[in-house]
Structures are given as structure tokens and as C-alpha cells.
Amino acid sequence: MSSREDILGRVREKLGRNADNAAVARRDIDASLAERRQGPRPNASGDLLMRFKEKSEALSTTVDIVTEWSSVPAAVARYLADHGLPMRAVGWPLITGHPWAEAGIALEGRGAVDADLVGVTGCYCALAETGTLMLLSGAATPGSVSLLPETHIAVVAASRIVAGMEDAWNLARTEHGKLPRAVNFISGPSRTGDIEQTIVLGAHGPYRVHVVLVTQA
């Protein structure tokens, strides 16, 4: 018997699970999950875009709002120039269709490695309640691009801003059914307060997060 089987066996024993009642218990669990009852939630009324911007900036995320998708490369170039960052980035293969070269940015559509300083991603959806980005991993959306580079730039469609976490999961279930291997929630730059309770950015990942919000439908 493996350690896993041993541990799960002891859990089943404490719960009183056996071959006779396992099917009934499974039906009860499936019914509870399918019901997806929601607990109390804060008021989500108002402009979701502005609420997302406000919450993001409170988490040390910087936000730029543009009206057209074609303006994204120029907005990214401005951010890189303002922060003295190289005009070179790695990005999701899905976003390589933008005119990056015209904006002076050399963007490679691939997963990130430790030498990459800037990573550019899209975003599955964004949560107005907490200023959080929801990213789904996949062949065209490698998770490393948002995790390894020191600077993470996310391009977010304003139409993909939802009120809160419950709405984000419901959207993923509706559009995808089966979830991907990894779902990453990003709420501002990586941080820690382990040393003397002093917040330090960039401890476990990017220490800059910049969002380009696109209002075009």
C-alpha cells in the first residue's frame, strides 16, 4: 500500500465511508457541488472597470486605459520607456498578431525562461472586487510568461471584467467545461512580509505588474 492509499484509507475510516455507503455519499457530494450555493457577497453595483482599476492600483498594479486594440503595443512601449526597461519581451503566442515591431518592441511568442525580463500576456478575465487577473494555462497561454519575468504586463479586455470570484469560476465553467491544468490568480506584484513584517515586492515572482485595459468591444 502506498502512502497516499494509507492516508486516504484513514480519512475514509474516520468519515465512516465503506463500500455500502460510498455511492450515496458520492451522490450527496455531486449534488452539493452542482448547486454551487454562494455565500454573502459585497455590493457589486457601479462601474466594474473603474472599480477594477481602483483595486488594482491599491495592490501596486499600474493601469493604462486605451480605446483600441491597435493601441496596445504603443501603450506597452510607453510603459517600458518610462521605466527604463528593454524594448524586448516574451509573450503569449496568442498576442503576437499585434504590430509590436512598429512600436519598437521585439516580442517573441513563447514560454518564458529565467533570462527574460518582461513578459506580456492576455487575460482570461479580471475581478473587479479584488483587482485580480485570472489566467488559464495552455499551449498558447504558458503560465511561465506571467511568473518568471521581473515585469508582467497584462492586456485585459474591459468586456472581460466580472464582479467577483464566483462570476469568474462560473464563466470558466460555462465557456470551458473542463478546466485547464492550471488557473493562476494574480493580485498585484509578488510580495512578502516575512522579514520584520515589512512588505517587499518581487519576493516570489514579478515585482512589477502593469495592466493595459482595452475598452474596444
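The values are calculated or read from the model by the stated rules, or taken from the named source; none is laboratory data. What you are looking at is a predicted structure, and each value in this text was computed from that prediction instead of being measured. Positions of Cβ are backbone-derived with ideal geometry, glycine not excepted, and every protein chain shown enters the neighbour counts.
Table: residues versus (1) under 24 Å from Phe185 (Cβ atoms); (2) touching a residue at least 60 places away in the same chain (Cβ under 8 Å); (3) hydrophobic (A, V, I, L, M, F, W, C).
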position: Glu68; (1), (2), (3): no, yes, no
position: Pro86; (1), (2), (3): no, no, no
position: Glu102; (1), (2), (3): no, no, no
position: Ile105; (1), (2), (3): no, no, yes
For the range 166-185, indicate whether the set of residues that are surrounded by fewer than 19 Cβ atoms within 10 Å (Cβ to Cβ), in contact with a Gly (Cβ under 9 Å, 6 or more places away or on another chain) and without any contact (Cβ under 8 Å) to a residue 40 or more places away in the chain is non-empty. no
Which residue out of Leu135, Leu213 is farther than 28 Å from Ala34 by Cα and either surrounded by fewer than 18 Cβ atoms within 10 Å (Cβ to Cβ) or not acidic (Asp, Glu) (or both)? Leu213
Got at least one residue in the range 176-194 being in contact with a strand residue (DSSP E or B) (Cβ under 9 Å, 6 or more places away or on another chain), within 30 Å of Arg36 (Cα to Cα), modelled with pLDDT of 95 or more and charged (D, E, K, R)? no
How many residues of the range 153-175 are of a type in the set (Val, Ile, Thr) and at pLDDT below 95? The answer is 1
Any idea how many residues of the range 128-166 are out of contact with any strand residue (DSSP E or B) (no Cβ under 8 Å at 6 or more places or on another chain) and not small (Gly, Ala, Ser)? 4
Find the helices (runs of 4 or more DSSP H) located wholly in the range 1-111 whose residues include 2 or more that are more than 19 Å from the chain's Cα centre (by Cα) and surrounded by 17 or more Cβ atoms within 10 Å (Cβ to Cβ), and list them. 72-82
Restricting to the range 121-161, name every residue that is under 21 Å from Gly97 (Cβ atoms), among the hydroxyl-bearing types (Ser, Thr, Tyr) and assigned to a loop (DSSP other than H, G, I, E, B). Tyr124, Ser137
